[in-house]
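J.: For reference, the structure I am asking about is given below.
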Amino acid sequence: MKTIRYGQQFIDENDIQAVIDVLNSDFLTCGPAVEKFEKAIAEYTQSKYAIAVCNATAGLHLACLALGLSTEDTLWTSPNTFVASANCALYCGSKVDFVDIDPRTYNLSVSALASKLKQAQKENRLPKVVVPVHFAGMSCDMAEINQLSKEYGFRVIEDASHAVGGKYLGKPVGNCEYADFAVFSLHPVKIITTGEGGVVLTNNTELYEKVKFLRSHGVLRNKHLSDTVGPWYYELIELGYNYRITDLQCALGWSQLTKIENFVKRRHELALRYDQHLQDLPLQRPIYRSADSYSALHLYPILVEENKHGKTRREVFDALVERGIGVNVHYIPVHTQPLYQRMGFKEQDFPQAVDYYTKAISLPMHYGLTDQEQDHIIKSLYEILL
Ligand SMILES: *Cc1c(COP(=O)(O)O)cnc(C)c1O
């Protein structure tokens, strides 16, 4: 039997045709497909602007640059995330710090954030930017974070890599009502894909212009310059990057976006089946719905308590892999990575994130997962845990 993967893209004939159409067109990059996709995803998320980029990591970097993050500044994020949520600050020469997670939602804890801000204000080391990560697709409490941002004067970039297709207070995640920016990832394990890709969303015209400009080298081209000097002429104004995305990718992204409601609906069906069938087992299931939030369900992490059934997390993990189930673990707390340890972080600085990490296993969760495959996963968990 082939291995069931924890996350995987779903590509249909329409997706394939959309890419072929671009191959037969005049533009492979920087053509009409990029703008068409940007317009569609801005509309879908109800944000004013969308800028598609080569990946979410680049998107986070550009968002930090546009907010002016530099060597004197600090960015705070959750330790329970992929390293990119923190590394974007290091790219700008800034410092990084973390806020521990809420053991109920595994998202950055708003109460921990509030008390850390209070302390930081006394010590005159407030962050310039806070990056809440919508872990597993469930939005952080953005209204409260927004309130704190006004009180303490920091800017907000939502790392919404897991959350495209999710909702917060009845509106699409990414609408930027409570943040300066939101960033989506379009990597194949995420909700929709462009192969590699990301989207930066904002409602602020100035920030939009800045990100667009830095996405392509920091080079200025306009009618005034080409009229006065010549049509070939451009000026390098600031040091930017080549973080562009291709038309091939954006055609795929547009086609994927037309299916997103079905993608997320199926993830909820699968999560409900996990909930129903796993309730008698000694494990903790994730929360993916609340009065405020409707998760995009990028991940379905369970927590296994070692002493309850005499098997370690590692043993449960290995036993699932042996049965052809490609489970994974999200996330190794970022502050425990060697690079961050060298900056002085200690493992127990963020105990909730470490405690969560030692117990977590991400079960397979993606649109193409069949009921039969899921039954095999459920049956295997019974065999292993009971
Ligand atoms: C996947 C991911 C990223 C990085 O996305 P890329 O598109 O691969 O650069 C950043 N943050 C989180 C939380 C992610 O899961």
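J.: What's the center-to-center distance, using Cα atoms, between the range 311-386 and the range 187-224 in Å?
T.: 33 Å
J.: Considering all alpha-carbon pairs of the range 277-340, what whole percent are spaced by more than 14 angstrom?
T.: Cα-Cα pairs in the range 277-340 separated by more than 14 Å: 71 percent.
J.: Got the relative contact order for the range 278-379 handy, in percent, Cα pairs under 8 Å and 6 or more residues apart?
T.: With pairs under 8 Å counted, the relative contact order is 33 percent.
J.: Could you give the semi-axes, largest first, of the ellipsoid that matches the range 1-125, computed as the square roots of 5 times the alpha carbon gyration tensor eigenvalues and rounded to whole Å?
T.: 37, 21, 14
J.: Taking amide H atoms as placed 1.01 Å from N in the peptide plane, list the residues 5 or more away in sequence, or in a different chain, whose amide H sits under 5 Å from that of Tyr300.
T.: Hits under the 5 Å cutoff: Leu363.
J.: Given the options Phe213, Phe184, Phe135, which has the most mean-square fluctuation in a GNM of the chain, springs set between C-alpha atoms less than 10 angstrom apart?
T.: Of Phe213, Phe184, Phe135, the Gaussian network model singles out Phe213 as fluctuating most.
J.: Still on this structure, please answer the following. Under the rule of at least 5 residues apart or a separate chain, name every residue whose amide H is placed under 5 Å from the amide H of Val96.
T.: Those qualifying (amide H under 5 Å, at least 5 residues apart or on another chain) are Leu75.
J.: Additional query: Between Arg342 and His277, how high is the FRET efficiency from 1/(1 + (r/R0)^6) when r is the Cβ-Cβ distance and R₀ = 56 Å? Nearest 0.05.
T.: It comes to 0.80.
J.: On to the next question. Pairs of Cα atoms under 8 Å, at least six residues apart: use those to get the relative contact order of the range 54-101, whole percent.
T.: 44 percent
J.: Only bridges whose two residues both fall in the range 93-192 count here: according to DSSP, what percent of them are antiparallel, nearest 5?
T.: Antiparallel: roughly 35 percent of the beta bridges in the range 93-192.
J.: For the residues Cys250, Cys92, Cys64, what sequence is obtained by ranking on other C-beta atoms within 10 Å, fewest first?
T.: Taking fewest neighbouring Cβ atoms as first place, the list is Cys92, Cys64, Cys250.
J.: Near the amide H of Thr29, under 5 Å away, which other amide H atoms are found, from residues 5 or more places off or on another chain, if H is placed in the peptide plane?
T.: Answer set, sorted by chain and number: Asp247.
J.: In whole Hz, with x marking every Gly and Pro, tabulate ³J(HN,Hα) for the range 277-289 from phi via Karplus 6.51 cos²θ - 1.76 cosθ + 1.60, θ = phi - 60°.
T.: So the J values, rounded to whole Hz, are 8, 9, 5, 8, 8, x, 8, 9, 8, x, 8, 10, 9.
J.: While we're on this one: Nearest 5 is fine: what % of DSSP beta bridges in the chain come out antiparallel, could you say?
T.: Bridges in the chain that DSSP calls antiparallel: roughly 65 percent.
J.: Compactness ratio of the range 1-73: Cα Rg over 2.2 N^0.38 Å, N = residue count?
T.: Working it through for the range 1-73, the quotient is 1.53.
J.: Now for a separate question. List, largest first, the extents of the alpha carbons of the range 166-222 along their principal axes, each in whole Å.
T.: 39, 28, 14
J.: For the range 1-61, state which trypsin sites (Lys or Arg not before Pro) are in a DSSP loop and have at most 11 other beta carbons lying within 10 Å of their beta carbon.
T.: Lys2
J.: Taking only the alpha carbons of the range 77-176, what extent do you get along each of the three principal axes, in Å, biggest first?
T.: 39, 27, 25
J.: Mind listing which GluC sites (Glu not before Pro) in the range 180-240 are in a DSSP loop and have 15 or fewer other Cβ atoms within 10 Å?
T.: For GluC sites (Glu not before Pro) across the range 180-240 that sit outside H, G, I, E and B with at most 15 neighbouring Cβ atoms in 10 Å, the list reads Glu238.
J.: Work out the P(r) tail for the range 160-315: percent of alpha carbon pairs separated by more than 26 Å, whole number.
T.: Roughly 48 percent, once rounded to a whole number.
J.: I would also like to ask the following. Considering the chain as a Gaussian network with a 10 Å cut-off on Cα pairs, which listed residue, Ala86, Ala33, Ala114, attains the greatest mean-square fluctuation?
T.: Sorting by GNM fluctuation, first place goes to Ala114.
J.: Let's see if you can work this out: charge +1 on each Lys and Arg Cβ, -1 on each Asp and Glu Cβ, no other charges. What is the dipole magnitude of the chain about its Cα centre, in debye to the nearest 20?
T.: So the magnitude is around 400 debye.
J.: Only Cα pairs within less than 10 Å get springs; with that Gaussian network setup on the chain, which residue of Leu278, Leu236, Leu67 has the largest fluctuation?
T.: Of Leu278, Leu236, Leu67, the most mobile in the Gaussian network model is Leu236.
J.: Please express the Cα-Cα pair-distance distribution P(r) of the range 332-386 as a list of whole percents, one per 5 Å bin, running from 0 to the bin with the greatest distance.
T.: Distribution as computed: 4, 16, 16, 14, 11, 11, 12, 10, 5, 1 percent.
J.: Let me ask something additional. Given N residues in the chain, what is its alpha carbon radius of gyration divided by 2.2 N^0.38 Å?
T.: 1.02
J.: Next question. Tell me the relative contact order for the chain as a rounded percent, counting alpha carbon contacts under 8 Å between residues six or more apart.
T.: Over the chain, the number comes to 23 percent.
Taken together, the values in this text are just the output of simple stated rules run on the coordinates, not laboratory data. Predicted, not measured: the structure shown is a model, and the values here were computed from it. FYI the Cβ positions are ideal-geometry reconstructions off the backbone, even for glycines, and counts take in every protein chain you see.
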